[in-house]
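Colleague: Pasting a structure below so you can have a look.
Throughout, read-outs are computed from the coordinates displayed, never taken from laboratory work. All values derive from a computational prediction rather than experimental measurement. Positions of Cβ are backbone-derived with ideal geometry, glycine not excepted, and every protein chain shown enters the neighbour counts.
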Amino acid sequence: MEITLKLYASLSQYLPENSVKHSAKFEISTSDTTISILDRFNVPDKEVHLVLLNGVYLHPEERKSLNFSDGDTLAIWPPVAGG
Amino acid sequence: MNDEQLLRYSRQMMLPEIDAAGQEKLSESRVLIVGLGGLGSPVSIYLASAGVGNIVLVDFDKVDISNLQRQIVHTTPDIGRLKIDSAKEHLQAINPDVKIDCIDHALEAKELVNEATKADVIVDASDNFQTRFALNEASVKTKTPLVSGAAIRFEGQVTVFDPRDETSPCYRCLYGDDVATQETCTANGVIAPLLGIIGSIQANETLKLLMGIGETLQGKLLLLDSLYMDLNQAILKKDPACPVCNIS
């Protein structure tokens, strides 16, 4: 199945070179989780805090176990605390 | 309300959702603003202009020339002054009706809980996770709504946590204490109008909370990548394992 991965702000550097803006589509297996996908793109754990699946925030436990459906969009934002 | 006040607030009082009743609520309200930097500047200016009766400003920092690109409540002659003094003078010039109290040190422990208890809304305009976690705990403990904004580089986030509603998530549901970054605008840079956008949304949410009108961002997190003008809204859920808001 195919999903869309969006890596925002400083995380966009981990997307493949042919990505448009901060988005890439690619094939995954039914057993993939958020953690396995981020490992595939070498995104450091410590930079991952806001994980959204189809616009809904995923808590850390859900990132280890929740699988995907065809057409899902996984979006990751780095933590932001400035002001 | 005297004739001058009626005239001053006429353009918002003509909105049926606000009217005289909403204006009265604003004049009787008290808002705690923590941080008088890039976010606290637009927040404080809009809340004072709108006639929020009591505003408490918290910041221990002094105005530096490098602040002036984005911290619009301060001006060049203010360099070297405490930000709370500079902001108070500017805000009183905009609206002398507003009572402004200043706190020139970090709000902690009992003093923080005391100020949170007295406030109708807490505005988090701070620049670090330590302060953000402390404000969140005080918000949950005292059941005072927390309007939370953050910005760095081209990215901004804003939401409302309202512990008066037991289903509301809190800031700690969103960020665990393992959050590693301590990135600041000082070290990483920020584009100035982004702070105006996020801070203005914080002010708008605060006014709505004070008047009890409309719907707030509770349960929703706005995420803005202003470099590409990509605006996202995420649904936030209460974390069943949250150590702050799920202690019964």
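Colleague: Residues in segment B:148-170 near a label at B:LEU227, defined as backbone nitrogen under 20 Å from the 7 Å Cα→Cβ point?
Modeller: Those under the cut-off are B:150-158.
Colleague: Under 5 Å between amide H atoms, partner at least 5 residues away or on a different chain: which partners does A:PHE41 have, H built in plane at 1.01 Å?
Modeller: Amide H to amide H, under 5 Å and 5 or more residues apart or across chains, A:PHE41 pairs with nothing.
Colleague: For B:GLN71, what residues show an amide H to amide H distance below 5 Å, using hydrogens built from the backbone and excluding near sequence neighbours?
Modeller: Answer set, sorted by chain and number: none.
Colleague: Nearest 5 percent is fine: what portion of the DSSP beta bridges confined to chain A is antiparallel?
Modeller: If we restrict to bridges inside chain A, about 75 percent are antiparallel.
Colleague: Of all DSSP beta bridges in segment B:3-235, what percent run antiparallel (nearest 5)?
Modeller: The answer is about 50 percent antiparallel.
Colleague: If R0 is 22 Å, what FRET efficiency do you get for B:CYS102 and B:ASN2 from their C-beta distance, rounded to 0.05? List each step's numbers first, then the result.
Modeller: Numbers: r = 26 Å, r/R0 = 1.20.
For R0 = 22 Å, the calculated efficiency reads 0.25.
Colleague: Once fully extended, how much extra length lies between B:THR117 and B:MET14, figured as 0.36 nm per residue of separation less the alpha-carbon to alpha-carbon distance? Before the final figure, lay out the partial values.
Modeller: Working: separation 103, 0.36 × 103 = 37.08 nm, distance 3.17 nm.
My answer for the length gained is 33.9 nm.
Colleague: Across peptide B:236-245, how many C-beta atoms of other chains are within 10 Å of each residue C-beta, on average?
Modeller: 2
Colleague: Counting only other chains, and only Cβ atoms inside 10 Å, what mean value do you get across the residues of B:144-155?
Modeller: Partner-chain Cβ atoms within 10 Å, mean over residues of B:144-155: 3.
Colleague: Run down the lysines and flag those whose C-alpha is under 22 Å from the C-alpha of B:LYS118, throwing out any fewer than 8 positions away in its chain.
Modeller: Partners found: B:LYS25, B:LYS88, B:LYS99, B:LYS110, B:LYS141, B:LYS143, B:LYS208.
Colleague: At 7 Å along Cα-to-Cβ for each site, give me the label-to-label distance between B:LYS141 and B:THR76 in nm.
Modeller: According to this spin-label approximation, the distance is 4.4 nm.
Colleague: Are there GluC sites (Glu not before Pro) in segment B:144-198 that DSSP marks as loop and that have at most 14 other Cβ atoms within 10 Å, and which are they?
Modeller: When the GluC sites (Glu not before Pro) of segment B:144-198 are filtered for loop state and at most 14 Cβ neighbours within 10 Å, B:GLU166 remain.
Colleague: Now a separate question. Could you work out which residue, out of B:ASN54, B:ASN95, B:ASN128, moves most in a Gaussian network model of chain B, that is, has the largest mean-square fluctuation with Cα springs under 10 Å?
Modeller: Evaluated over chain B, the most mobile residue of the options is B:ASN128.
Colleague: Please work out how much length the chain gains when fully extended from A:LYS21 to A:LYS64, using 0.36 nm per residue of separation minus the C-alpha to C-alpha distance, in nm with one decimal.
Modeller: 12.8 nm
Colleague: Same structure again: What is the Cα coordinate range of segment B:3-235 on the first, second and third principal axes, sorted by size from largest, in whole angstrom?
Modeller: 53, 46, 42
Colleague: Another question, then. What is the average number of partner chain Cβ atoms found within 10 Å of a Cβ in A:55-61?
Modeller: Neighbouring Cβ atoms belonging to other protein chains average 6 per residue here.
Colleague: Ordered by packing density, taken as the mean number of other Cβ atoms within 10 Å over each peptide's residues, highest first, how do A:44-57, A:7-20 rank?
Modeller: Ranking the peptides A:44-57, A:7-20 by packing returns A:44-57, A:7-20.
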